[in-house]
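Here the structure is laid out as structure tokens; the discussion comes afterwards.
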Amino acid sequence: MFVVAGATGRVGSATAHGLLAAGAAVRVLVRRPAAVRQWADRGADARVLDLSDRAALTSALTGANGVFLLLPFNLTVPGPEAHSRVLVAAAAGAVADAGVPRVVVLSSGGADLSTGTGPVVGLHHLEESLRKTGTTVTALRSGHFQEKVVDVLDVARRHGVYPVFAASADVPRAMGATRDIGAVAARALLSPPSSNEVVDVLGPDHTEREVAGVLGTALGRRLEVVPLPEDAWESTLRDTGLPSPAAAALAELYRADERGLLAPRGDRSVRLTTPVEHTVAGLVAAAVVPR
Ligand SMILES: NC(=O)c1ccc[n+]([C@@H]2O[C@H](COP(=O)([O-])OP(=O)(O)OC[C@H]3O[C@@H](n4cnc5c(N)ncnc54)[C@H](OP(=O)(O)O)[C@@H]3O)[C@@H](O)[C@H]2O)c1
């Protein structure tokens, strides 16, 4: 039996679907009781819990052959770092307490670094804490998610603007579809390595200008690509409604990206294939954005 956290989210749901499609027994972890039914209908066992609850998590992980874990970023809490530490302690504690033999963890490029990468520092601690439990860890270090285009969908549709938190919109970066990452996670659980490994999970390379073109096509309007100066990142993020600590953390993440700190440095890499056009078209079709 495999346990999948974050099953109502993008990568977690794709992971659970991949495992179910392979005929595996799956237990999903959800935090809203309303999400139980949809998974029960698909043949999965569902447990309702908060990932900060070590005891509930230990109970849900007991007997598992393998577990998919993630560290959800919560940018609305007053102290995102403290919140992340609580989740990391609960996850590693539960993996140790339940004696889970292997873990696939959704991580990020830059998670080998202990400072200077904003929210990715939490993923560094999660990877490290899990390895200390003695379980076998596959860390999937992803680059940018293609789905992050959702963050600018509203401003693009309303104002015809595609903001870029980087000095240039013309630097290619790997951008992967979350459904592909979930498929990699499911495979890693079904065919685990014999020792810890770090896998860079990399989508096709695209520049922000290319993605803006794809989004413009899907929206049926031309978008103006606007790279924002670095000293405006934090205040712009605050203007979108983010609390100051989250805005500061994200600005640090973008600076880390500019400096190449999120580059792949794993033991091996996997190339993802879903084209960004496919992902963006699906997001635009699914979005209910008032004009
Ligand atoms: N965005 C990127 O470009 C990027 C790049 C590399 C790595 N990452 C990593 O990917 C993660 C996001 O993955 P994703 O996009 O699949 O996530 P997502 O779609 O945002 O879903 C997050 C999932 O976690 C659940 N969740 C959140 N807080 C919880 C809690 N306290 N207890 C129980 N469940 C909780 C959510 O449940 P609800 O449905 O109830 O909210 C949801 O199922 C990030 O946090 C980061 O670690 C992101």
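Just so you know, all these numbers are worked out from the coordinates, no wet-lab data involved. The model shown is predicted, which means the values in this text are computed figures rather than measured ones. Glycine also receives a Cβ, built like all others from the backbone with ideal geometry; neighbour counts cover every protein chain displayed.
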What number of residues within region 50-75 satisfy the criterion of being touching a strand residue (DSSP E or B) at 6+ places or on another chain (Cβ under 8 Å), farther than 13 Å from ALA98 by Cβ and free of Cβ contacts under 8 Å to residues at least 60 places away in the same chain?
2
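Got a sec? Which of ARG141, ARG102 is closer than 27 Å to GLY66 by Cα and within 10 Å of the ligand (Cβ to nearest atom)?
Working: ARG102 fails: within 10 Å of the ligand (Cβ to nearest atom).
After ruling out the rest, the residue left standing is ARG141.
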I'm trying to understand the selection: among the residues of region 218-271, which are small (Gly, Ala, Ser) and part of a helix (DSSP H, G or I)?
ALA218, ALA232, SER235, SER244, ALA246, ALA247, ALA248, ALA249, ALA251, ALA256
Are any residues in region 195-225 under 26 Å from HIS124 (Cβ atoms) and without any contact (Cβ under 8 Å) to a residue 40 or more places away in the chain, and if so, which ones?
ASP205
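Inside region 119-138, can you point out the residues that are more than 13 Å from the ligand (Cβ to nearest atom) and either among the hydrophobic types (A, V, I, L, M, F, W, C) or without any contact (Cβ under 8 Å) to a residue 12 or more places away in the chain (or both)?
In the first step, residues of region 119-138 are kept if they are more than 13 Å from the ligand (Cβ to nearest atom); the result is 128-138.
Within region 119-138, GLU128, LEU130, VAL137 qualify.
Would you point out the residue of region 20-46, among those that are among the aliphatic types (A, V, I, L, M) and over 20 Å from LEU57 (Cα atoms), that is surrounded by the fewest Cβ atoms within 10 Å (Cβ to Cβ)? Let's see the steps before the verdict.
Just the residues of region 20-46 that are among the aliphatic types (A, V, I, L, M), to begin with: 20-22, 24-26, 28-30, 34-36, 40, 44, 46.
Add one more test, that the residue is over 20 Å from LEU57 (Cα atoms), and what stays is 20-22, 24.
Numbers: LEU20: 19, ALA21: 11, ALA22: 13, ALA24: 17.
This residue is ALA21.
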Okay, strands (runs of 3 or more DSSP E) sitting entirely in region 1-113 with 1 or more residues that are touching a Gly at 6+ places or on another chain (Cβ under 9 Å), I get 2-4, 26-30, 66-69, 102-108
